[in-house]
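J.: This is the structure, below, for whatever I ask next.
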Amino acid sequence: MTVDQSVAEVGNLLMYAAMTAYLGSFIAYAADLAEGGKEIKAREARQGRRAEAARAAGGEAGTVLTEPAAPAPRRRRAAAVGTSLFAAATLLHLGSVVARAVSVHRVPWGNMFEFALTGSLVVSLGYLVAVVRAHRAGLGGGRDARYLGTFVAGPVLATLGIALRSFYVEASQLVPALDSYWLIIHVFVAILATALSTLGFSATVLQLTQEKRDRVRAAGKNPGGVFMDALPGALELERTAFRLNAVAFVMWTFTLIAGAVWAQVAWNRYWNWDSKEVWTFVIWVVYACYLHARATRGWDGRRAAWLSVLGFACMLFNYLVVNIFFPGLHSYAGV
């Protein structure tokens, strides 16, 4: 089939529009975190003044101090703007992916650019699902998931920028080795696993940051970073990262199995010791060690978190280095 370059150009324009909306969303979410951190500091100062007043009035006969009413929840206007822009960006992003698919008459993950385009879309969709679910749970006192907005919009925007700058290729048909229904199964599950691992990595980085701030605070020093006070504590972030990585690991397992089956179909061998196969297995082993240490050895906190960071680093190496500099059977077309 011929490639419709005019539709592909529409997809590119939609991607530029999505990047602009992601940038606006990132700025709005950052402003929300800064505002939330200042509010928490002001509340702590008020509580400290009330505590001092209570101690000073403790010896006075007949003095009764009543607890003030709980403050109304903060109206997070910046977060609302950020979420609206993020949703608009995701719709534009989806339109770009669909246009790319229509232009080439196939699923749009046949090279590194398309993989980045589709993978970042899955990250965005996953975040929006988390926001909606948290909003519904929030009716019963659950936590607002929009605290992750800055740390999702930023990486998605960076991924699209890098893809445009370094990996962009014109819309084209697949090389024969990739022209298979296994592309839909194997690569799509790999995209889902990568997206979930990316979200898990973001939560892990925030966890490590909060743990460091807790240690500084325990030493009687000011940890700084007021906006971080608006984020959940290290324990909650660790649990979030663990759940995301656990689901991603299941998908990595399927990716390995499906890849082996596809290799048998394409090259008459389940395992070829290709660089891409080896590094996919390395990623699987690192995340397996992380889950095993976390679940059975009692590794929590920083030790397990650094294993998670190592797993994501292996994933980046697989995508950014192995795909480009290690020749093999899995070399992407056009890169």
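J.: Using a 1.4 Å probe and counting only protein heavy atoms, arrange LEU92, LEU183 so the residue with the most accessible area comes first.
T.: LEU92, LEU183
J.: Accessible area of ASP300, 1.4 Å probe, to the nearest 10 Å²?
T.: Its heavy atoms expose roughly 90 Å² to the probe.
J.: Follow-up. Given a 1.4 Å probe and heavy atoms of the protein chains only, how would you sort MET112, MET19, largest accessible area at the top?
T.: I get MET19, MET112, largest accessible area first.
J.: Further, regarding this structure: What order do LEU316, LEU91 take when sorted by accessible area (1.4 Å probe), most exposed first?
T.: LEU91, LEU316
The values are calculated or read from the model by the stated rules, or taken from the named source; none is laboratory data. Computed from a prediction, not measured in an experiment: that's the story for all the values here. Protein only, heavy atoms only, side chains kept; ligands, DNA and RNA dropped before computing areas. Shrake-Rupley method; radii C 1.70, N 1.55, O 1.52, S 1.80 Å.
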